[in-house]
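Have a look at the structure below, then the notes.
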């Protein structure tokens with residue numbers, strides 16, 4: 001039998017910590033908690049003696065620690081990180097994912113998004129929610145002019161999801177996603193960059209800073 005997944009919850013709001021702990025405990029089997037508190041230093045100290053598999057981390061701990069440095073410290077300790085934070089501006093999201101976070105969920109997102117991100121972390125897979133995909137794609141630095149839906153579809157699809165999964169995240173039909181991706185390819189082709197395969201789309205999205 002596989003050992004239980006060891007989880008840390010690091011958030012400086014007691015009610016939120018309690019709600020997260022309850023949701024994880026009720027929604028997932030074979031989970032145990034090694035630390036539930038507000039201090040990254042305490043969490044790392046516990047982790048040294050009782051290694052955690054996953055940390056649910058709020059970036060804004062109000063303890064004068066740098067948010068992205070907190071992510072890096074946990075990643076260096078071998079912890080898979082799901083960020084649950086109100087700090088969801090594009091710069092912070094990009095930096096946190098680049099530092100190694102496996103998922104980023106805004107505190108304003110539906111509860112199902114957190115559960116999906118946590119499930120992905122348990123499986124060792126990255127997770128991109130639709131709202132975060134939209135944030136990542138909102139920067140006006142792309143080499144072509146994509147619509148918001150085209151950018152979101154590109155981010156989700158290039159991150160490795162199948163068309164059906166992207167459609168579920170965007171709440172549209174798979175045919176609509178296929179049309180968005182078709183438009184993305186056409187616009188890049190007109191700009192002199194053909195992207196015939198999914199790997200080509202991934203490489204371009206990475207080059208544009210849309211995925212890590």
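Each reported figure results from applying straightforward, stated rules to the coordinates on display, with no laboratory input. Values in this document were obtained by computation on a predicted structure and should not be read as measured data. Every residue, glycine as well, gets a Cβ built from its backbone with ideal geometry; the counts of neighbours run over all protein chains shown.
Observations
- In the chain, helices alone account for a calculated mean residue ellipticity at 222 nm of -15500 deg cm²/dmol, with every DSSP H run of four or more residues adding -39,500 (n - 2.57).
- Value of Rg to Rh for the chain (Rh from inverse mean 1/r over Cα pairs, i.e. Kirkwood): 1.01
- Just checking the listed ones, 97, 195, 84: in the Gaussian network model of the chain with Cα springs under 10 Å, the one fluctuating most is 195.
- The label point for residue 206 and the one for residue 164, both projected 7 Å from the Cα toward the Cβ, are 2.7 nm apart.
- Cut-off 16 Å (backbone N to label point 7 Å along Cα→Cβ of residue 22), residues of segment 103-129: 111-112
- Segment 137-207: radius of gyration and largest Cα-Cα distance (Dmax), Å: 11.1, 31
- Length released on extending from residue 76 to residue 190, taking residue separation times 0.36 nm less the Cα-Cα span: 36.8 nm
- For the chain, built as a Gaussian network whose Cα springs stay under 10 Å, the top-fluctuating residue of 60, 11, 171: 171
- Cα-Cα separations in segment 5-129 greater than 17 Å, expressed as whole percent: 50
- Between residue 197 and residue 182, the distance separating the two model label sites (each 7 Å from Cα on the Cα→Cβ line) works out to 2.3 nm.
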